Structures are given as C-alpha cells and as structure tokens.
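Just so it is clear, none of the values below were taken in a lab; they were calculated from the coordinates. Values in this document were obtained by computation on a predicted structure and should not be read as measured data. Cβ coordinates were reconstructed from backbone atoms using ideal geometry, including for glycine residues, and neighbour counts include every protein chain displayed.
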Amino acid sequence: MSSFLSMNTLGRSIAGCLLVLLAACGPLPWNNPYPKQDSGRAILYQAFSERPKHLDPAVAYSANEYEFIAQVYEPPLQYHYLKRPYELVPLTAERMPEVRYLDIQGQPLTAPHVKRPYELVPLTAEHMPEVRYLDVQSQPPAPKDEDIAFTEYVIRLRPGIQYQPHPALAKAADGNYLYHRLAAGQTAAFTALGDFKVLGSRELTAEDYVYQIKRLAHPKNQSPIAGILQNYLVGFAEFAREVKDQPTTAIKNVPMAGVQATGRYQYRIRIRGKYPQFMFWLAMPFFAPMPWEAEVFYGQPGLAEKNITLDWYPIGTGAYFLAENNPNRRMVLAKNPYFHGEAYPAEGEPGDEAEGLLQDAGKPMPFIERVVFTLEKETIPYWTKFLQGYYDASGVASDNFDQAIQFSGGGAMELTPALYEKNIDLQAAVSLSNFYLGFNMLDPTVGGTSERARKLRQAIAIAIDYEEFISIFTNGRGVAAQGVLPPGIYGHVEGEAGINRQVYTWQNGRPQRRPVSDAEQLLIEAGYAHGIDPSTRRPLVLYFDTAASGIDDRPRMNWYRKQLEKLGIELVIRATDYNRFQEKMRTGNAQLFVWGWNADYPDPENFFFLLYGGHAKAKTGGENAANYANPQFDRLFEQMRSMDNSAARYQIIQEMQAIVRHDAPWVLGFHPKNVALFHAWYQNVKLNLMANNTVKYARIDPHLRERQRLLWNRPVLWPLLAGVGLVVVLLVLAARRARRSRLDLE
C-alpha cells in the first residue's frame, strides 16, 4: 500500500507542478513576439522582406526605400491624403509655389507696354511701376507657351520647423559643432550613431533645399534623376561639371544659376520653358532639405566603415526619425520630438466622413509613437502573425489569397467569412502603373510602320488574353488596359467611350475581347495566313526576350507561348540573365518583351513619354523601350506635355490614345490592383497610391488590439492536461502492478 500511495502522490505532484508552471508563464497570449512594456502603446507593427539599399534622398528611388525615408524627409509639397483626384498641397511650404513665366532675358512676361512720345523715368521710385493687364476676372492674361523661355517657382517656407535631434547638429558651449572635427582616434570609439550622446537641432532654412538640389547634381552621388533634371533645371549640368572633382562637402558655397535662396525662408527654382509637371517633383524626397552639417559629419574618416553614413541614418524634419537600423532583424521609426505639429486634414471626398476618416480632423499629428518593422522573408509566417494580430496590416500574397479573398456573384472582391468575422478591413485600388508586352519597333518583322507589321501586332494584341492572365497569375487583381493611361490619371476614359476598339467590342455593359477569328483575318491581311511565314512556308517564329528564367517563371512563359499558338505562331523564349537582357534592350536587339511602369506623378505626360520618339531606348537611352516613333504622336506629345489640364489637352490625349491603339507598339496589358488588409484597430486608413508619407495620418487603438490578441491566441490546454492525466494514469497502473507483484511474492 505504501508503494501505491507514493506513486499516486508523485503523479499528483507532477500535475501540480505543470499547472504551477502554466500559471507562471504570465498573461496570455504566450506567443506574443513583442516585449511586455510595449503593451498598450500606440505602436504600429509592420514587416519588410528586403533591406532598403539607400536612405539618402539624393539616390533612393524604390518603394521599399520610400517606405522609410518618406516618413523622415519633407519636400516642400505633398499629396492631400484624402482627396481624389490626387491634389498637391503645401507641406513645409507656407503656400503653393508662386509660378512666374519669364522671357529669354529672364524678365516676367506681361502684355506689351503702350509706347508714348515722352519717356518717364523714376524719381522717388526705385524703378518704373510694374504694369499688369487684367481681364474681367482681374487675372493677368496667360502668356503664350512659345513665348515662355523659363518658368520660375518661388517657394516660401513656414518658419519654426526644426530638424530631428541629431549629433551632426550638436554644438558645444562655445557655439562650435561638437562632432565635426573628430580625430581618427575619436571616431574609433563610435560604432553606431547612438554612441554620440549629445544631440542638437536647428531651424529649417531655404538654403537646406538649395543644398539638396546641388547634391542631386554632384556626379559622385549618382542621383537617378540627374539626367532628367539637367534637361530642365537652369545651370544644373554646368554645376555638375564645375564640382565633379570637388568633395560633396565643398558645394555649399558654389552657386547654381537655376536655384537660389532669396531669404531665410524663401528660394526660387528656374527651369527651361514651361513644364507644369515639375510641380509634382517638389513632392518627391529628391527635393527634401538636407542640412550641410550632415554631409560634414558623415564625411569624417572612419565612420563609413561602421555604416555611420547618410545612406544608413537619415536626418530630416518629418514626423519620424530612424531610431534603429538593423536590416537583418528590424528597423524602428520613432516620433520626432521636434515635429512641427501638422494637422490632420479637415476635408476629403464625399463618403470619407461616413467611413470615419474625418474623426481626427484638425488634430495634431502624428498619432503613432513608434513603427516597428520586422524582417519577414517568407509570406506564410507573415500571414500567420497578421491573423494572430501581431502585424497590423498585410498585403495578400498568392499563397494565402484563397484564405483571404473570395468573389461575389457580380465579380466583386470581398473577404472570406473567417476574415470578415475578425472585422478586418479590405481595401483595393487600381495602381497607377501598367504592365505590357512590347514590340521592338526596330525589328524587321514586328516593327516598323508597314501595314503588314501593324496588322501582325494587332492580331497578337487580340490573341493575348490578358483577362485570362489576370485570373490565373494575379488572382483577379488587375484590370485589362484599354489605353496607355491607368484609371485615376487625367485623360483616362471609363466605359464604352474609353475601350480599345482594335481589340474589344462593347457588349452587355462591358468590354468584350474580339474573337480569335478577327485576329486570324488580320493575319491573312498581313500575309501570314494560319500563322505561316510565306518566306519559309513554316509557322512564323517570334522571339520573346526575358530575364525571367526561374522555375516559378515557366508557367507564365508557357502561357505566352500558348497565346500565340492560337494563331499558329511559334513563340521561342529567349531567357537570359538580367544584365544580358538589359543590354539587349539598350541596343534594340530584343523582339518581344514584357515591361512595366509605375507613375512618378499623376499626370498623363508621365505615361505617354514612354512612347515618345525622343526617348527611344536604343537611340537615347530613354524609357521608350519599344523604340516607337510616330511623328504625329510626337508632335501631339510635345504640345500636350506643357499644357495645363483643359478641354484642349483632354482632346489631344484622346487623339494620342487612338494613335497608340492603331499602331499597337504595345499589347496593352493590365493595370495591377493593390489589395491590402487592415485590422479594425488600424484607423484613418485610405489607400493613397501617390503619397508615401502616410504613417503620420494613421491611428492605432492599442487596447482593442490587446483584447483581440488575447481572444485569437488562447492556448489550447486540453492536450497538455490530457497528457498530464495520461501520465498520472500510467503511474497509477504501474504502481498497482508493482503492488500485485509484491503481494504475489509474499
């Protein structure tokens, strides 16, 4: 009996210990990856899959880089967060820039003065009075575009804006910069920016914006927009030649003719001719300010080897600063204590108020104190943590699309019941981008202006069923393109009036792709009946050049091959490495290829320039990858690009669309659709496809998040308890057998 009791007591002791251990694990959920002290705080949890290569606004140009630097740096303008179509509004600027049109002598363009027989000269006046001729609305007459030699943008900044705390701005008691003249032995003691314990700040000035534009011109920085700016910005190319052998720290006092600070809070930029789209550039991080002190600080010997550089630690006036940069684990943005207190928008689109997007109208931003980005290279762990509430937002990858999205009877995208029960918000918007299959217009078979080549291209455009592509490869996340412009860009036309009638007809209230028989008829007219090349009497062979050579790319390549098989055409895939593919594109040696473009700014010029003959890739190295050249299209483009939006510009855009549809240098592919999911505690969310500095508008309800995490991550205890019970039972049975054995022996 004593043996049985001791074993039973042991079993109860084991069970008790396990329960005590469970209780000691602390509050649920046990799998929370974040520290306990973060509980209840307004922290936004995001993920990133690839470290940003550049954080210097002179060179950064990719989406994963802008995700960080757009929260740190502030150009003078930004996009209104809520309004559509996208509208530019002041950010650090006191008001929208004043635009002045100048003649070839750099004088303001006004109506001609009336000549007099006598000449008046100033007496007490500094100069002769400025004369302005106004219409009945008291507006000066607009100068003719051909008279405009220069356009000048005068930008007035808001006083009192401060930089984030940074050691580059720290000063000693004597007023000298504390960390600008470090000896080699001193820099050895610093391994990260956080090792500099004294931080400083100063006020933003116009000179900081001028200095950054000079940085864009310096050849050592290799800014990706330098080639574009030298065509517009007065003195840009000359400045680059003058400073090419000088260190970047020496350019502060070197003048650039087209950029000048005209006061502590005012500067001007002068460009050649009239280019209204330049205003959009003033909302990009390229044109954010840079304190000269940062360049001096980071340029000291021994710091770059420890990643203490501007490319690693940005410095700006934005709502956040980069508090932690560990790209192999996590990156953290923290609220800028010196942020100038921008107010949340007080107006938006109809329906925004009903969606709760104006509840914070007029309140100072930002609402979130920290943003924690965690490295997630795989989509499945990221998705799982999002469902558990440990990430606040998520995209929808192909691996988890069916878990998240379903389509209604009418084809609308909606959440699956499981996600709907979690009160997750689904937002979708057609992106301001396009993907297309291009023809090299220099190629003797598919290129050129002959009717034979044009009808061949038109036939292929009908046969390649991009609706099917969208369904198979993007889970329905896209819209087949009807023209060069995606929805949301001025000049895009919805409905029957906007379809590509070379490829579609309008049936039952929607575009319907023409049947393959129409494409076959075009082939007959082109001299390729049934896809047969008359010169060889065998199927016509076309070549698809691509850098997509991985296993995951093969289904897409096979799909393109099958599309042309409908016409009896043989498509040969010429897959190669990225560098070789780019070389083929640069030299005009590809035949068919897939290309894409994301809008830099929401204007039709930013898409039509992809087909402008003056930008042909093989001839000029420009972005016209198809090497398309049509004199009529080019003439209309040159007229359209400098126009303000008007009925006349709209009509020209429609003419350009018609030319492209007829010539078919592209198979007008599709516009991807952005789909994003947000938990209910992530508030003030509205997809903005142009703005990148959107974190400051968001609000987190940390208490709702905490409750939902507890609800969704309750541990399943019964297997553990059942296991404990089983152990106890086995111990009891073993004790009984041992007792019987003893009794038998006795």
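Quick notes
- Three semi-axes of the equivalent ellipsoid, segment 494-625, Cα gyration tensor, whole Å, largest first: 26, 25, 16
- Those trypsin sites (Lys or Arg not before Pro) in segment 503-587 that DSSP places in a loop and that have at most 13 other beta carbons within 10 Å: Arg537
- Principal-axis analysis of the Cα atoms of the chain puts helix 554-565 at an angle of about 50° to the longest axis.
- Share, in percent, of DSSP beta bridges within segment 433-674 that are antiparallel, nearest 5: 70 percent
- Degrees, to the nearest 10: 718-745 long Cα axis against longest axis of the chain: 20 degrees
- Segment Ile472-Lys83, extension gain: residue separation times 0.36 nm, minus the distance between their alpha carbons: 136.7 nm
- Under the Karplus curve 6.51 cos²θ - 1.76 cosθ + 1.60, θ = phi - 60°, whole-Hz ³J(HN,Hα) for segment 238-249, x wherever Gly or Pro sits: 5, 4, 4, 5, 5, 9, 4, 9, 9, x, 4, 6
- For segment 312-442, pairs of C-alpha atoms spaced more than 22 angstrom apart make up 62 percent of the total.
- In terms of surrounding Cβ atoms within a 10 Å radius of their Cβ, Ser394, Ser517 rank from fewest to most as Ser517, Ser394.
- DSSP-loop GluC sites (Glu not before Pro) across segment 471-545, with at most 12 other Cβ within 10 angstrom: Glu494
- Report summary: the helix-based calculation at 222 nm, which adds -39500 (n - 2.57) for every DSSP H run with n ≥ 4 and divides by the residues of the chain, gives -9000 deg cm²/dmol.
- Computed E for Ala42/Thr416 - FRET, C-beta separation, R0 41 angstrom, nearest 0.05: 0.90
- Stretchable slack from Glu525 to Asn713, in nm (0.36 nm times residue separation minus alpha-carbon distance): 61.1 nm
- Taking every C-alpha pair closer than 8 Å and separated by at least 6 residues, the mean separation divided by the residue count of segment 433-674 gives a relative contact order of 32 percent.
- Cα-based Rg of segment 433-674 normalised by 2.2 N^0.38 Å, two decimals: 0.98
- Likely footprinting exposure, Trp681, Trp506, fewest C-beta neighbours within 10 Å first: Trp506, Trp681
- Using the Cβ-Cβ distance between Ala354 and Glu496 with R0 set to 30 Å, the FRET efficiency from 1/(1 + (r/R0)^6) comes to roughly 0.45.
- Under a 5 Å amide H cut-off, with hydrogens placed 1.01 Å from N, Ile532 pairs with Leu540 among residues at least 5 apart or on other chains.
- Extended-chain gain in nm, criterion 0.36 nm per residue less alpha-carbon gap, Asp195 and Gln403: 70.3 nm
- Sites listed here are trypsin sites (Lys or Arg not before Pro) in segment 294-387 whose DSSP assignment is loop and whose Cβ has at most 14 other Cβ atoms within 10 Å: Arg329, Lys377.
- Modelled spin-label separation between Leu426 and Arg739, with each label point placed 7 Å from Cα along the Cα-to-Cβ direction: 6.2 nm.
- Using a cut-off of 20 Å between Cα atoms, the listed pairs Lys53/Lys220; Lys53/Lys214; Lys53/Lys306; Lys53/Lys244; Lys363/Lys696; Lys455/Lys619 include Lys53/Lys214; Lys53/Lys244; Lys455/Lys619 as exceeding that distance.
- Inverse mean reciprocal Cα-Cα distance (Kirkwood Rh) of segment 568-622, Å: 13.2 Å
- Our summary gives the chain a relative contact order of 18 percent, counting only alpha carbon pairs under 8 angstrom and 6 or more residues apart.
- Cβ-based exposure ranking for Val234, Val396, in which fewest neighbours within 10 Å come first: Val234, Val396
- nm² value of the averaged projected area, convex hull over the Cα atoms of the chain: 50.9 nm²
- Projected label points at Ile551 and Arg264, each 7 Å from Cα along the beta carbon direction, are separated by 6.5 nanometres.
- The calculated FRET efficiency for the pair Glu347 and Ala183, based on their C-beta separation and a Förster distance of 41 Å, comes to about 0.15.
- Folded to 0 to 90 degrees: helix 647-663 orientation relative to the chain principal axis, Cα: 70 degrees
- A cut-off under 13 angstrom between Cβ atoms defines the neighbours of Asn692, and their net charge, with Lys, Arg +1 and Asp, Glu -1, is -3.
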